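Structure first, commentary second.
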Amino acid sequence: MVDAARTATTSEAPPTDLPHWDVSGVFPSLESGEFAAAFARLADEISDLGGLLDARGVSSEGGPPSGADAAAAFDEVVARLNAVLDSAWTTAAYISAFVTTDSRDEVAQARDSELRQHFALLTKIETRLTAWIGALAVDDLLERSETARAHEYAVRRAEQAARHLMPQPQEELAADLDLTGASAWEKLHGDVTSQLEVSFSRRSTDEPQNLPMSEIRSLAHDPDRDLRRRAYEEELRAWERVAVPLAAAMNSVKGQVNTLSGRRGWESPLDEALWANRIDRATLDAMFSAVREAFPDLRRYLRAKARLLGLPALAWYDLFAPVSVGPADNGRRVWDFATAETFIVEQFGTYSERMRAFGERAFGERWIDAEPRAGKSDGAFCMPLVSDESRILANYTVAYGGVSTLAHELGHGYHNLVKAPLTQLQRRTPMTLAETASIFCETIVRHAALAEASPPEQLEILEGALQDNTQVTLDTLSRFLFESRVFEARRGRELSAQELCGLMLDAQKETYGDGLDANLLHPYMWAVKPHYYSESSFYNFPYTFGLLFGLGLYALYQQDADSFRASYDDLLASTGSADAATLAARFDIDVRTPEFWRASLGIIREDIDRFEALAASAA
């Protein structure tokens, strides 16, 4: 029998009216015969792919084949690799659907660990292929192979990546050791943080309850300031309890990345991250230069919110505080999940029928897991599952912020839909470009909500947008500064939990400035954010790029909607086949100069001006 506790859909309704996602169309359950057979088949396919590389001489050792032989080997290997990657992605996403919604699911955790073993072999295979391509006459390969021409960007990237590979035995050893290295530390962080509970009572007369960290952090959105303060204080105490193992995880991951990036010939982990995200230093410097110029305006918003809340300055626990817009029975829209669904689908339809149909399908086929609960990952994300389907994790709050998050993640799903006809190698999109559709969709919905809202509701919507924008500019830059300094310090020695807290506070003071009370910041944000614990370093600046790039594209859409529609989906489909500067140039955007970034920040500045005016009227 199928164990209902381990399937993503059951015969019983969830305990709330918020949906759980349904992945039963892929496999009946993690313990079903169908899943077991597919898992075993994937393991065989990965092993067989390695055998094919052996048979075809795909290795940097011993000299590569040339001419027609190389083209034939490339065609066969890439066709098989794309097929394996299809199966691997679906299997990984299916398991993740259980791990991320219940980290205590031992069956899911065991399968996830087992899959990581197979992925280590797949990593070795891709590394061998990369090294082999780097040793080929690539121009000749492209001339002879239609498959190579269809994957030209991936081929050129492999040629570049091959220059940053260690000898094959060392790369294979690094892949093996990663299972007990960075990958294991990342998993530890996920398990510890998703299972961390806090004893807390909402009111002084209540008995304390053990609440998951995700629920404690969600209290930052509560209108009761004393409740927010107490939740913040208990949150910090909880992070302090687990600071030692999380600091060990941070030190281990950053130490491994420092070592491997140096051995692979990168000047620094940042240079490796820039290359992986398909931008250069000139682009990063131009973008952050414009953000620093905008500090006074971004802090002006924070001070205006403080005045609106009757505070001399915002504490960290006030960042996400709602602004008062009056009771619901005065005509204010209540953004429950059903209202969010209807509104988002309707607004997607103003852009195109294809986007509207996508939204209807995502809600109708239960692609979304919206209920916060113990063991579930905090935050929100979207992952491709199978074919053109995605799954979206959210922790929905009944406020416009919940709507905005859903629209954002659905934008990722739309991006996946557009890329679905492509091969896996053609779909690979860097983080800088992965936010393009999500920001665009979020902005469509926000502008529509503002157009229909009363002045108090406009204030609430603008506040939500500016919360997000401040996070992706001020806070993201603080995270970038923190990570840069951790990498630098880690070259010399390990850092204590207290030192990590000090670096985080310094970075927050540098970016937030007088926008926040400097005595009430969040020293443990390094423990909160899972991005620091991944080998994919600097999972921060791509968000800033994505926000500002998406806003700039939306401005172009407003100028000429028909012309924009004619080329936008093609841009989304191309995010795996060109770098950011090349794709931006299609819309006459130069990302290497501050002007474009200033223009996008100008859109945020206009929202700040509008927010200030509304706040002054409401005071």
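The values are calculated or read from the model by the stated rules, or taken from the named source; none is laboratory data. Because the structure is predicted, anything quoted here is derived from the model rather than measured. Neighbour counts are summed over all protein chains in view; Cβ atoms, including those assigned to glycine, are modelled from backbone coordinates with ideal geometry. Just so you know, the surface numbers come from the protein's heavy atoms only, side chains and all, with ligands and any DNA or RNA stripped out. Shrake-Rupley method; radii C 1.70, N 1.55, O 1.52, S 1.80 Å.
Could you tell me whether Ser32 is surrounded by fewer than 19 Cβ atoms within 10 Å (Cβ to Cβ), at pLDDT 95 or above, of a type in the set (Gly, Ala, Ser) and under 29 Å from Thr127 (Cβ atoms)?
So Ser32 fails the test.
Given the criterion within 30 Å of Ser377 (Cβ to Cβ) and at pLDDT 95 or above, identify the matching residue among Ala120, Ala83, Ala79, Ala148.
That would be Ala83, the only listed residue that is within 30 Å of Ser377 (Cβ to Cβ) and at pLDDT 95 or above.
For region 308-337, what are the residues that are at pLDDT 95 or above and not in a loop (DSSP other than H, G, I, E, B)?
Across region 308-337, the qualifying residues are Leu314, Trp316, Tyr317, Asp318, Phe337.
Where residues in region 236-255 are touching a helix residue (DSSP H, G or I) at 6+ places or on another chain (Cβ under 9 Å) and either free of Cβ contacts under 8 Å to residues at least 60 places away in the same chain or assigned to a strand (DSSP E or B) (or both), which of them is most open to solvent (accessible area, probe 1.4 Å)?
It comes out as Pro245.
Give Ser204, Ser218 a once-over and let me know the one that is of a type in the set (S, T, N, Q), surrounded by fewer than 19 Cβ atoms within 10 Å (Cβ to Cβ) and not in a helix (DSSP H, G or I).
Checking each option against the conditions leaves just Ser204.
So for region 351-364 (the condition being polar (S, T, N, Q), open to solvent by 50 Å² or more (accessible area, probe 1.4 Å) and closer than 30 Å to Phe564 by Cα), does at least one residue qualify?
No, region 351-364 has no match at all.
If only one of Arg333, Arg307, Arg300, Arg264 is closer than 24 Å to Thr544 by Cβ, touching a residue at least 24 places away in the same chain (Cβ under 8 Å) and not aromatic (Phe, Trp, Tyr), which one is it?
Selected residue: Arg300, the only one of Arg333, Arg307, Arg300, Arg264 that is closer than 24 Å to Thr544 by Cβ, touching a residue at least 24 places away in the same chain (Cβ under 8 Å) and not aromatic (Phe, Trp, Tyr).
Taking the options Asp285, Asp271, Asp280, name whichever one is among the acidic types (Asp, Glu), more than 30 Å from Ser214 (Cα to Cα), in contact (Cβ under 8 Å) with a residue 40 or more places away in the chain and open to solvent by 20 Å² or more (accessible area, probe 1.4 Å).
Asp280
Taking region 447-462, which residues are open to solvent by 10 Å² or more (accessible area, probe 1.4 Å) and part of a helix (DSSP H, G or I)?
Within region 447-462, His447, Ala448, Leu450, Ala451, Glu452, Pro455, Pro456, Glu457, Gln458, Glu460 meet the criteria.
Going through Asp176, Asp191 one at a time, which residue ends up being more than 30 Å from Arg241 (Cα to Cα) and among the acidic types (Asp, Glu)?
Going through Asp176, Asp191 in turn, just one is more than 30 Å from Arg241 (Cα to Cα) and among the acidic types (Asp, Glu): Asp176.
Going residue by residue through region 187-194, is there one that turns out to be acidic (Asp, Glu), open to solvent by 50 Å² or more (accessible area, probe 1.4 Å) and under 22 Å from the mean Cα position of the chain (by Cα)?
No, the conditions are met nowhere in region 187-194.
Could you check region 584-597 and list, in sequence order, the residues that are touching a Leu at 6+ places or on another chain (Cβ under 7 Å) and either more than 14 Å from Gly546 (Cα to Cα) or surrounded by fewer than 21 Cβ atoms within 10 Å (Cβ to Cβ) (or both)?
Arg586, Phe587
Can you confirm whether region 282-292 contains a residue that is of a type in the set (Phe, Trp, Tyr), over 20 Å from the mean Cα position of the chain (by Cα) and within 26 Å of Ala580 (Cβ to Cβ)?
no
Given Arg361, Arg299, which one is out of contact with any helix residue (DSSP H, G or I) (no Cβ under 6 Å at 6 or more places or on another chain), of a type outside the set (Asp, Glu) and not in a strand (DSSP E or B)?
Exactly one of Arg361, Arg299 is out of contact with any helix residue (DSSP H, G or I) (no Cβ under 6 Å at 6 or more places or on another chain), of a type outside the set (Asp, Glu) and not in a strand (DSSP E or B), namely Arg361.
Inspect all residues belonging to region 55-76 and state whether any of them is modelled with pLDDT of 95 or more, closer than 23 Å to Ala175 by Cβ and among the aromatic types (Phe, Trp, Tyr).
Yes, some residue in region 55-76 is modelled with pLDDT of 95 or more, closer than 23 Å to Ala175 by Cβ and among the aromatic types (Phe, Trp, Tyr).
Considering only helices (runs of 4 or more DSSP H) fully contained in region 65-152, which possess at least 3 residues that are open to solvent by less than 20 Å² (accessible area, probe 1.4 Å) and farther than 22 Å from Asp178 by Cα?
In region 65-152, the matching helices (runs of 4 or more DSSP H) lie at 67-99, 138-144.
In region 598-619, what residues are of a type outside the set (Ser, Thr, Tyr), within 18 Å of Gly546 (Cβ to Cβ) and open to solvent by less than 80 Å² (accessible area, probe 1.4 Å)?
Result: Ala599, Leu601, Gly602, Ile603, Ile604, Asp607.
So Thr544 passes all but one of these: (1) assigned to a loop (DSSP other than H, G, I, E, B); (2) under 16 Å from Arg278 (Cβ atoms); (3) within 21 Å of the chain's Cα centre (by Cα). Which condition number does it fail?
Of everything listed in (1) assigned to a loop (DSSP other than H, G, I, E, B); (2) under 16 Å from Arg278 (Cβ atoms); (3) within 21 Å of the chain's Cα centre (by Cα), Thr544 misses just condition (1).
Could we say that Ala340 is open to solvent by less than 20 Å² (accessible area, probe 1.4 Å), at pLDDT 95 or above and in a helix (DSSP H, G or I) here?
yes
So how many residues does region 406-426 have that are in a helix (DSSP H, G or I) and over 16 Å from the mean Cα position of the chain (by Cα)?
Summing the residues that are in a helix (DSSP H, G or I) and over 16 Å from the mean Cα position of the chain (by Cα) in region 406-426 gives 6.
Does Ala40 fit the bill of being surrounded by fewer than 20 Cβ atoms within 10 Å (Cβ to Cβ) and modelled with pLDDT of 95 or more?
Criteria met by Ala40.
Quick check on region 370-403: of everything there that is in a strand (DSSP E or B) and within 20 Å of Phe320 (Cβ to Cβ), which residue is least open to solvent (accessible area, probe 1.4 Å)?
Leu393
Just the residues that are over 27 Å from Glu272 (Cα atoms), aliphatic (A, V, I, L, M) and surrounded by fewer than 20 Cβ atoms within 10 Å (Cβ to Cβ), please, taken from region 404-434.
Ala420
Okay, residues lined up against (1) open to solvent by less than 50 Å² (accessible area, probe 1.4 Å); (2) over 25 Å from Ala599 (Cβ atoms); (3) not hydroxyl-bearing (Ser, Thr, Tyr):
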residue: Tyr543; (1), (2), (3): no, no, no
residue: Gly546; (1), (2), (3): yes, no, yes
residue: Asp562; (1), (2), (3): no, no, yes
residue: Ser567; (1), (2), (3): yes, no, no
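Quick one: count up the residues across region 473-517 that are touching a Ser or Thr at 6+ places or on another chain (Cβ under 6 Å) and either open to solvent by 30 Å² or more (accessible area, probe 1.4 Å) or farther than 22 Å from Arg610 by Cα (or both).
Of the residues in that region, 6 qualify.
Looking for something of a type in the set (D, E, K, R), in contact (Cβ under 8 Å) with a residue 60 or more places away in the chain and under 30 Å from Gly359 (Cβ atoms) - is there at least one such residue anywhere in region 474-492?
Checked against the condition, which is being of a type in the set (D, E, K, R), in contact (Cβ under 8 Å) with a residue 60 or more places away in the chain and under 30 Å from Gly359 (Cβ atoms), region 474-492 yields no hits at all.
Can you tell me which residue within region 155-176, out of those that are open to solvent by 40 Å² or more (accessible area, probe 1.4 Å) and outside any helix (DSSP H, G or I), is farthest from Gln426 (Cα to Cα)?
Checked region 155-176; the qualifying residue farthest from Gln426 (Cα to Cα) is Pro167.
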